[in-house]
Amino acid sequence: MWAFITGPLAGPIFGSALVLSLIGGAVVWAEGSWKIASLEHDKAKLEASISDPKTGFAVRNAQCETNIAQLSGALTRSNQSIGDWQARAAAATARAAKAIDAARASTRAASDQATRILALQPSGDVCKAALDLVRNAKP
């Protein structure tokens with residue numbers, strides 16, 4: 001083995017190995033440089049897609065947050081309006097129910113008074129009966 005290292009072919013073999021190693025290293029370096037350049041290009045594209053002032057993700061995200069805040073405020077106002085409307089509707093319903101009850105009571109009173117009037121048949125003097133009817137009538 002020592003003879004191989006010190007023999008006449010040792011220089012050309014080691015020289016060839018060195019050249020091949022250098023070529024391999026250059027290929028690996030070139031490939032790495034190309035990958036780095038490609039990754040830096042991709043990185044620049046991604047950063048542009050994030051920070052572009054018109055169409056970037058950051059701008060669109062900020063717009064979404066603004067839209068959410070505006071929508072939330074609109075929903076709050078809408079819910080408040082619905083609550084106010086429900087309260088007014090409940091009050092109007094209560095007033096209508098009282099008015100219906102009052103109308104029914106008035107109708108019963110008028111019906112009772114009509115029944116009493118119809119039950120009174122004048123006997124004798126019609127004018128005196130009418131005068132008695134007016135005096136005994138309840139408003």
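The values are calculated or read from the model by the stated rules, or taken from the named source; none is laboratory data. Computed from a predicted model, the values in this text were never measured in an experiment. Cβ coordinates were reconstructed from backbone atoms using ideal geometry, including for glycine residues, and neighbour counts include every protein chain displayed.
Some observations on this one:
- Selection of first residues in segment 119-130 that are surrounded by 10 or more Cβ atoms within 10 Å (Cβ to Cβ) and among the small types (G, A, S) and of second residues that are modelled with pLDDT under 80 and assigned to a loop (DSSP other than H, G, I, E, B), restricted to Cβ pairs under 8 Å at least 6 apart or on distinct chains, gives the following pairs, ordered by first then second residue: A129/L120; A129/P122; A129/S123; A130/P122.
- Filtering I5, I23 for residues that are of a type in the set (V, I, T), more than 42 Å from the chain's Cα centre (by Cα) and modelled with pLDDT of 80 or more leaves a single hit, I23.
- Exactly one residue among R108, R116, R135 is exposed (fewer than 10 other Cβ atoms within 10 Å of the Cβ) and assigned to a helix (DSSP H, G or I), and that residue is R135.
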